[in-house]
Amino acid sequence: MKTPENWIIENNQLTRTFVLSNFVKAVEFVNKIVPIAEEADHHPDIEIFAYKKVKVKLISHDVGEITEKDVNLAEKISNLKS
């Protein structure tokens with residue numbers, strides 16, 4: 001399985017930190033993730049830190065590892081940034 005561009009494996013999770021221009025943009029970005037995650041029935045761990053950074057972590061908790069489901073959701077989340 002190939003890691004999506006700009007994502008890393010950290011603590012057995014597919015992880016990426018997005019840097020937005022401010023806190024409001026960070027919250028808006030998280031809100032864009034919600035419908036995609038709901039549609040996939042796959043929910044990332046998300047944290048906003050340093051007021052404008054959004055860290056997204058994906059793992060298939062039911063199997064305890066990264067699966068295609070994580071890779072697919074990561075790619076969809078990456079497309080939100082552009």
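Every residue, every condition in (1) touching a Ser or Thr at 6+ places or on another chain (Cβ under 8 Å); (2) under 19 Å from GLU10 (Cα atoms); (3) of a type in the set (Gly, Ala, Ser), yes or no:
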site	(1), (2), (3)
VAL30	no, no, no
GLU47	no, yes, no
VAL54	yes, yes, no
GLY64	no, yes, yes
ALA74	no, yes, yes
ASN79	no, no, no
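For segment 43-70, a tally of residues being among the aromatic types (Phe, Trp, Tyr) and in contact (Cβ under 8 Å) with a residue 24 or more places away in the chain returns 1. Summed over segment 33-82, the residues that are over 10 Å from the mean Cα position of the chain (by Cα), of a type in the set (Ser, Thr, Tyr) and closer than 18 Å to PHE18 by Cβ give a count of 2.
From the list LEU20, LEU14, the lone residue that is under 20 Å from GLU75 (Cβ atoms), over 11 Å from the mean Cα position of the chain (by Cα) and surrounded by 17 or more Cβ atoms within 10 Å (Cβ to Cβ) is LEU20. From the list LYS2, LYS32, which residue is of a type outside the set (Val, Ile, Thr) and at pLDDT 95 or above? Result: LYS32 is the single residue among LYS2, LYS32 that is of a type outside the set (Val, Ile, Thr) and at pLDDT 95 or above.
Inside segment 50-67, can you point out the residues that are touching a strand residue (DSSP E or B) at 6+ places or on another chain (Cβ under 9 Å) and either part of a helix (DSSP H, G or I) or among the hydrophobic types (A, V, I, L, M, F, W, C) (or both)?
At the first step, the residues of segment 50-67 found to be touching a strand residue (DSSP E or B) at 6+ places or on another chain (Cβ under 9 Å) are 50, 52-59, 66-67.
ALA50, VAL54, VAL56, LEU58, ILE59, ILE66, listed by residue number.
If you scan segment 1-44, which residues turn out to be closer than 19 Å to GLU65 by Cα and part of a helix (DSSP H, G or I)? Of everything in segment 1-44, those that are closer than 19 Å to GLU65 by Cα and part of a helix (DSSP H, G or I) turn out to be ALA37, ALA40. Within this structure, LYS53 passes the test of being modelled with pLDDT of 95 or more and basic (Lys, Arg).
Report the residue count in segment 42-79 for those that are in contact with a helix residue (DSSP H, G or I) (Cβ under 8 Å, 6 or more places away or on another chain), exposed (fewer than 12 other Cβ atoms within 10 Å of the Cβ) and hydrophobic (A, V, I, L, M, F, W, C).
Pass one, segment 42-79, residues in contact with a helix residue (DSSP H, G or I) (Cβ under 8 Å, 6 or more places away or on another chain): 42-44, 46, 48, 51-54, 56, 58-60, 69, 72-73, 76-77.
Within this subset, residues satisfying the condition of being exposed (fewer than 12 other Cβ atoms within 10 Å of the Cβ) are 51.
From what is left, the residues that are hydrophobic (A, V, I, L, M, F, W, C) are none.
Number satisfying all stated conditions: 0.
The values are calculated or read from the model by the stated rules, or taken from the named source; none is laboratory data. These numbers come from a predicted model, not from an experiment. Don't worry about glycine lacking a Cβ; one is built from the backbone with ideal geometry, like all the others, and counts go over all protein chains shown.
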